[in-house]
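What follows draws every value from the coordinates through simple rules; no lab data is involved. Keep in mind the model is a prediction, meaning the values are calculated, not measured. Cβ sites come from the backbone with ideal geometry, for glycine too, and all protein chains shown count toward neighbours.
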Amino acid sequence: EDDVAAAGRMVSLLKMIGFKKVFDVAFAADLVTYEEAHEFVERLEKGVKLPQFTSCCPAWVKFAEQYYPEYIDNLSSVKSPQMALGAIIKRFYAKEIGVDPKDIVLVSIMPCTAKKFEAEREEFNGDVDIVLTTREVVKIIKSTGIDIRMVEPEPFDRPFGLSSQSGLSFGKSGGVLGSVANVINELIGIKNIETKQISEGVRLTTIELSNGKVVKGMVVFGLGNTRKIVDSIKVGELDVDIVEVMACNYGCIGGGGQPYPNDSRTREKRARILREVQSIDVLISPTENFHMLQLYEKYLNKPLSHESHEVIHTHYKHRRRVQEEEIDILPLPEESEDKVKVSVCLGTSCYSKGSYEILEKLISVANKEEWARNLEIKGTFCVENCGKAPNVVVNDIIVSEATIEKVKEVALNELRRTKGDSSVSKSNV
């Protein structure tokens, strides 16, 4: 149901069932935006680590670590709002209230199942103890027998209960880039912003700054769209300065941990309600959030300071299960013409489904059959297609659920293509 007071009712209910304090993660979104905007301006001025990719979506971060490790340094090093707030509470708030951080159990309520993985990353030192999805919280509420619609709303607890419209907008696609733009407007000034819808889930935003520079930003949701955008950047077809990525359609409002239904119509409705809640907020930019600015004054010094890096920044790492290096098994000289490269995956899944037997048969074919003397055979690991193991890559063609017959067929076709000769005999295949 449409209820702009739903968050306040949730605060009351959570206290009824035993929570001592309830804070708003949108406060931390203000903090993250403020830090990330300064980070972007610094990169823009130095011309380094561009485009800057947002890092508040843990599914996207893990995707980048696994599939695009060459862009790890381009990710914003600022933690997500969930983890930034966890760090602030455990390091500073605990001291202020005279409680040992070990005695605080911090439960985060999120629309995203990937937030559970994020909270367990070793880089975050257990700052968030438990992550519950919104769907799990709905089940808890139902088990109490309390009708939340009848609960009187109350505000989030201070000092982490105040947020701006920018912080609230993190929940929907475009919100992070819009929030960063709000801070940039305060830092440099913005003359004009234009947004163009490129396709479903992809928008291009052009920002003309007061100093004459033009910033191009992309807003992307869905990892399929993201792969296309990153690939375009990789080959030089797309030149942008900052990219906001959300793994889920429409952003966090469409997260995998949200209650059902979670279809497009429901997500659009959530976006509308979020805009209505935003419109009530008197603060527009994170730069207007007094409690956030006070946090810098007391503990963080200034954006990008040593103190802020210690607490609200992190690092990322390559997460491919194995590196991409291949093992030469039957190599051919580099200058060999018309060679066809055949790489047999020897990763766990493929190996267990017979890839090593295919490799042995392939070696036998290459040693005995005339047509196969141009095959260069290699071993590789994990072509990220484990569900259709065993996998063999012939040049750039992935042969899934491979058999020696299928591999020979594709290899022969590739050999014909490279030679431009349809007379290559198939008599031995």
## Note on the structure
residue 102 and residue 158 label points (each 7 Å along its Cα→Cβ direction) are spaced in nm at 3.3 nm
### Task
Give the relative contact order (percent, whole number) for the chain; include only Cα pairs under 8 Å separated by 6+ residues.
18 percent
### Task
Find how many whole Å separate the alpha carbon centroid of the range 9-33 from the alpha carbon centroid of the range 203-222.
32 Å
#### Entry: Surface/4 of the Cα convex hull for the chain, nm²
25.7 nm²
### Message
Between residue 72 and residue 327, how high is the FRET efficiency from 1/(1 + (r/R0)^6) when r is the Cβ-Cβ distance and R₀ = 22 Å? Nearest 0.05.
### Response
0.30
### Query
Using alpha-carbon positions, what is the distance between the centroids of the range 34-60 and the range 352-380, in Å?
46 Å
### Message
Quick check on packing: order 392-398, 161-167 by the mean number of other C-beta atoms within 10 Å, highest mean leading.
### Response
161-167, 392-398
### Message
Could you give the length gained by full extension between residue 123 and residue 200, i.e. 0.36 nm per residue of separation minus their alpha carbon distance, to one decimal place?
### Response
24.3 nm
### Summary
Quick note, the range 327-419: a/c under 1.5 would make it rounded; otherwise a/b > b/c is prolate and the rest oblate (a ≥ b ≥ c, C-alpha gyration tensor); here it is prolate
### Summary
Protection proxy (average C-beta count within 10 Å per residue), highest first, orders 120-130, 190-200 as 120-130, 190-200
### Message
Once you place label points 7 Å from the Cα toward the Cβ at residue 146 and residue 237, how far apart are they in nm?
### Response
5.3 nm
### Query
From the phi of every residue in the range 90-103, what ³J(HN,Hα) in whole Hz does the Karplus formula 6.51 cos²θ - 1.76 cosθ + 1.60 yield, where θ is phi - 60° and glycine or proline is x?
6, 8, 10, 5, 4, 5, 5, 9, x, 10, 5, x, 5, 8
### Query
To the nearest Å, what is the center-to-center distance of the range 293-316 and the range 125-149, using C-alpha atoms only?
30 Å
### Query
Hey, rough spin-label estimate for residue 388 and residue 45, points 7 angstrom out along Cα→Cβ, what's it come to in nanometres?
5.0 nm
